[in-house]
Structure formats: C-alpha cells, structure tokens
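**Student:** The structure under discussion is supplied below as structure tokens; questions concerning it will follow.
Just so you know, all these numbers are worked out from the coordinates, no wet-lab data involved. Note that the coordinates shown come from a computational prediction; the quantities given were computed from them, not determined experimentally. When we count neighbours, we look across all protein chains shown, and the Cβ atoms used for this are built from the backbone with ideal geometry, even at glycine.
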Amino acid sequence: MARLGYLGLLSLLQKIALWEWVTRLGYMGLLSLLQKIALWEWVTRLGYMGLLSYPKAGYVRFNGARYKSFTERKTRGEAVQACAADGGTLAMPKNSPTNTFLANLAKVVKSRWIGLTDANKDGHWVFEDGQTLESSGYANWRPGEPKPPNPRGGCAGFWSRGSSWSEQDCNFRRGFICQLSEGV
C-alpha cells in the first residue's frame, strides 16, 4: 500500500465508512479492526491519539477554529458539557466576522448559547477561555442588554433571529454552538 500520510489515512477511514466505528470501538477494538484491514502499520506511525485527533464530523472551519450549531435544547451547563465531550467549548464570538458567521451557521431554533457569562452577576462578562468581554474590544448586545445585575441572568446567547446577544437565565433550555481549536 502506498504511503497515505496522516490526512490520507483519516480520509480513507471516512470514505470507507469506518470513522463512526473508530469512535464507537474504543482503543482495543480500533486496534483490532485496523490490524484486520491491514492498516496496522499506519496506526503504529500515527499513534492512537494522532488517529483520534481527526476533526469532528459536522464542524465547519472559520477564522482559525471549527464550529457546529446544535439544535438540541440544553441548559447552559449541559451545553458546556456537550461541547467538552467533543473537545471544545461554547463558541466565543470575539469579533464581528466571527459573530456574523456564528449567527448564520445554521437555522436558529429560537435561540443558542454562546461562551460568554457573568458568573458572579456583577456586570463583568467573561468568555469561556477566561478573556474578559471588555478586553476583547467587541460586543454585540441587543438594545437594553445586558440587563442590570440580574439574579436570574448571567448567560449570553443569540436570541430569535439576528446576530445580537441577549442575557438570559442559564437554566433555560436552548440550542448552542460549540467551538473547537483548529487541531481538534
């Protein structure tokens, strides 16, 4: 077999419909399967983690990151866990092009969580990566938002249609957008 290289192998696994099985089988099952279909040489070259670092299905690349919009309704905490399970965070729109891209990523199902919170409900908004909203130099709040310190608020998202943000109760169930770094 000619040398495929890392991306070639992963492309091959996707094309022959094995990628779903890669994520289902786990380490030992994956190794056994690859031995049986004569790809063991490539596994030893890439290593298990190298093989599993292939970009997740359904994510779209934009501006140095990958994004996916989920329509399943979750609380903000549940959405954070779902993104973490994919190796990422809730999306962080830190500039106008990224914000517009995220707002148009998929049909809005009433609303979607983004990775911006006022955890202490004191007016200091922080992105998932720890950067403050103020230091990012970009904000896109709807008129009247965020609300004055609100004991039931503290979480931001796209609400209804459009690309502006609104503060909401973190326990509301909404769609969400995940963000992966380019290497995930």
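**Student:** By the gyration tensor of its Cα atoms, with a ≥ b ≥ c the square roots of the eigenvalues, what is the shape of region 95-137: rounded for a/c under 1.5, prolate for a/b over b/c, or oblate?
**Tutor:** Judged from the Cα gyration tensor, region 95-137 comes out oblate (a/c at least 1.5, b/c at or above a/b).
**Student:** Each label point is 7 Å from the Cα along the Cα-to-Cβ direction; what then is the distance between the points at N104 and S164, in nm?
**Tutor:** Result: 1.9 nm between the two label points.
**Student:** Hey, rough spin-label estimate for N120 and K56, points 7 angstrom out along Cα→Cβ, what's it come to in nanometres?
**Tutor:** The answer from the label model is 3.0 nm.
**Student:** Okay, next question. Among rounded, prolate and oblate, which fits region 60-181 when a ≥ b ≥ c are the square roots of the eigenvalues of its C-alpha gyration tensor, a/c under 1.5 means rounded, and a/b larger than b/c means prolate? Intermediate results must be reported in sequence, preceding the final value.
**Tutor:** Numbers: a/c = 1.35, a/b = 1.23, b/c = 1.10.
The shape class here is rounded.
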